[in-house]
Amino acid sequence: MNILPPTSETELLNRAYTLAGKTLGDIAKLHQKYVPTSLIHAKGWIGQLIEKTLGANGSNLDQPDFINLGIELKTLPVTAQGFPCESTYICAASIPCEDKTWEQSRVWRKMEKMLWVPIESNSEKPLLAQRIGTPILWSPSIRIVTQLREDWEELTELMTLGNFEDLSAHKGKYLQIRPKAANAKTFIQVIDHQGQSISIVPKGFYIRTILTRQIIEHHYCT
DNA sequence: ATTTGATCATTT
DNA sequence: AAATGATCAAAT
């Protein structure tokens, strides 16, 4: 079953809202999709299921999932109380950074407008019994954009200058840099602060749960 | 071989 | 328990 991309934001939202309250089992049944027994060997399964259901068309391009709408789709695992369980991957960090400014950055292009689909996936609930929450169409407020830009600039500067020893997941209030690779033996060559070529594990930008928690809370309070 | 989708598993 | 560091599969 192939679902055409939504042609407007409204159409996307209407589709998304129909998912609220359904279980992953309900959705998987529609697509007769292969269902893994666990996410250990299928970590992207939920995200791909929701993408397919909503008709995402950005697939493997370095663009938002809904290219024509400029909207990035993210599933977000949350506890029964609505708190995010995990950080959220945004994009790979090219080193050295090719994006000259925050406004041109891949992080910003993906975060300018996002559709969050919460998945209640606490405890040891069976995968197919996990329930989809009310989707949230979100754009960061000025306050959050300012902080994101600050984080991005700090992290990008460290990578640009080659200060990889100072670069760690501890940096950044909302945005952080973490490994993003098949495993810890995957390397890329970069130039360090002394001009030496060194090997490091590829990195990616992630956003912390302190930000996604605000997104959820704000949505339910306004 | 890379980029997408992320969560798993160990450390703090 | 929460955060960091490591890892897995599909699609191209």
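We did not get these values from a lab; they are worked out from the coordinates using the rules stated. Since the structure is predicted, the reported quantities are computational estimates derived from the model, not experimental observations. Neighbour counts are summed over all protein chains in view; Cβ atoms, including those assigned to glycine, are modelled from backbone coordinates with ideal geometry.
Measuring nothing but how far apart in sequence close Cα pairs (under 8 Å, 6+ apart) lie, relative to its length, segment A:67-157 scores a relative contact order of 31 percent. Sorting A:149, A:213, A:143 from the fewest to the most surrounding beta carbons within 10 angstrom yields A:143, A:213, A:149. In this rough spin-label picture, where each label sits 7 Å from Cα along the Cβ direction, the residue A:92-residue A:63 distance is 1.8 nm.
Charged side chains reduced to their Cβ positions (Lys and Arg at +1, Asp and Glu at -1) give chain A a dipole of some 680 debye around its Cα centre. Each 5 Å bin from zero holds the following percent of Cα-Cα pairs in segment A:27-69: 5, 21, 27, 20, 15, 9, 2. Each Cα pair under 8 Å and six or more residues apart adds its separation to the average, and for segment A:115-175 the resulting relative contact order is 28 percent. Pull up all non-local amide H partners of residue A:73: gap of 5 or more, or a different chain, and H-to-H distance under 5 Å with H placed in the peptide plane. Here the answer is A:65, A:66, A:115, since their amide H atoms fall under 5 Å of that of residue A:73. Given +1 at the Cβ of Lys and Arg, -1 at the Cβ of Asp and Glu and no other charges, the dipole of segment A:143-206 around its Cα centre is 360 debye to the nearest 20.
At q = 0.19 Å⁻¹ the log10 of I(q)/I(0) for segment A:79-181 amounts to -1.01, computed by Debye summation with a single uniform scatterer per C-alpha, solvent ignored. A P(r) calculated from all alpha carbon pairs of chain A, with 10 Å bins opening at zero, reads 7, 31, 35, 20, 6, 0 percent.
Of A:148, A:128, A:73, the sequence from fewest to most neighbouring Cβ atoms within 10 angstrom is A:128, A:73, A:148. Out of A:98, A:72, A:120, any idea which swings most in a Gaussian network model of chain A, alpha carbons joined below 10 Å? The residue with the greatest mean-square fluctuation here is A:98. DSSP assigns beta bridges within chain A; of those with both partners inside it, close to 75 percent run antiparallel. For residue A:119, the amide hydrogen comes within under 5 Å of the amide hydrogens of A:76, A:78, A:133, counting only partners 5 or more places away or on other chains and with H modelled in the peptide plane.
Each of residue A:188 and residue A:4 was given a label point 7 Å from its Cα along the Cα-to-Cβ line. The distance between the two points is 3.8 nm. Restricting the calculation to alpha carbons of segment A:143-206 gives Rg and Dmax of 12.3, 38 angstrom. 3J(HN,Hα) couplings calculated from phi for segment A:131-147 with the Karplus curve 6.51 cos²θ - 1.76 cosθ + 1.60 (θ = phi - 60°) are, in sequence order, 10, 8, x, 6, x, 10, 8, 9, 10, x, 5, 4, 4, 6, 4, 4, 5 Hz; Gly and Pro show x.
The phi torsions of segment A:168-183, fed into the Karplus equation with coefficients 6.51, -1.76 and 1.60 and a -60° offset, translate into couplings of 8, 5, 7, 7, x, 7, 9, 9, 9, 10, 9, x, 9, 7, 5, 6 Hz, rounded to whole numbers, with Gly and Pro shown as x. Taking Cα atoms, how many degrees apart are the long axis of helix A:209-221 and the longest axis of chain A, rounded to 10 and kept between 0 and 90? Around 40 degrees separate the two axes. Here the calculated FRET efficiency for residue A:142 and residue A:165, from their Cβ-Cβ distance with R0 = 30 Å, stands at 0.35, rounded to the nearest 0.05.
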